[in-house]
Amino acid sequence: MQEKEKSAGKGQKKNWFQGLQSEFKKIVWTDRDTLVKQTVAVVVITVILGALISIMDAGILEVINLLMK
């Protein structure tokens with residue numbers, strides 16, 4: 001009985017890996033130039049938003065400090 005369960009488990013794992021492999025074959029990877037452009041855009045926007053949030057945080061902190069005096 002246990003041998004049948006073990007062999008059934010191996011078959012399920014094999015089917016799962018075959019399904020995974022077939023799904024990976026369907027992936028369309030972007031070319032290097034597009035990937036670089038998108039990465040640069042994400043980094044630039046992240047830096048700009050980080051700076052903007054930092055400036056707003058400092059401004060709000062100053063306003064709160066003025067109100068508490």
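Answer yes or no: is there a residue in the stretch 20-27 that is modelled with pLDDT of 95 or more, surrounded by fewer than 10 Cβ atoms within 10 Å (Cβ to Cβ) and either of a type in the set (D, E, K, R) or part of a helix (DSSP H, G or I) (or both). Let's see the steps before the verdict.
Taking the stretch 20-27 as the starting set, the residues that turn out to be modelled with pLDDT of 95 or more are none.
Scanning the stretch 20-27 turns up no residue that is modelled with pLDDT of 95 or more, surrounded by fewer than 10 Cβ atoms within 10 Å (Cβ to Cβ) and either of a type in the set (D, E, K, R) or part of a helix (DSSP H, G or I) (or both).
When the stretch 28-62 is examined, which residues are found to be among the basic types (Lys, Arg) and either at pLDDT below 95 or exposed (fewer than 10 other Cβ atoms within 10 Å of the Cβ) (or both)? Lay out the reasoning, then the answer.
To start, the set of residues in the stretch 28-62 that are among the basic types (Lys, Arg) comprises 32, 37.
Arg32 - this is the single residue of the stretch 28-62 that is among the basic types (Lys, Arg) and either at pLDDT below 95 or exposed (fewer than 10 other Cβ atoms within 10 Å of the Cβ) (or both).
The values are calculated or read from the model by the stated rules, or taken from the named source; none is laboratory data. These figures come from a predicted structure and were not determined experimentally. Every residue, glycine among them, receives a Cβ derived from its backbone with ideal geometry; neighbour counts consider all protein chains shown.
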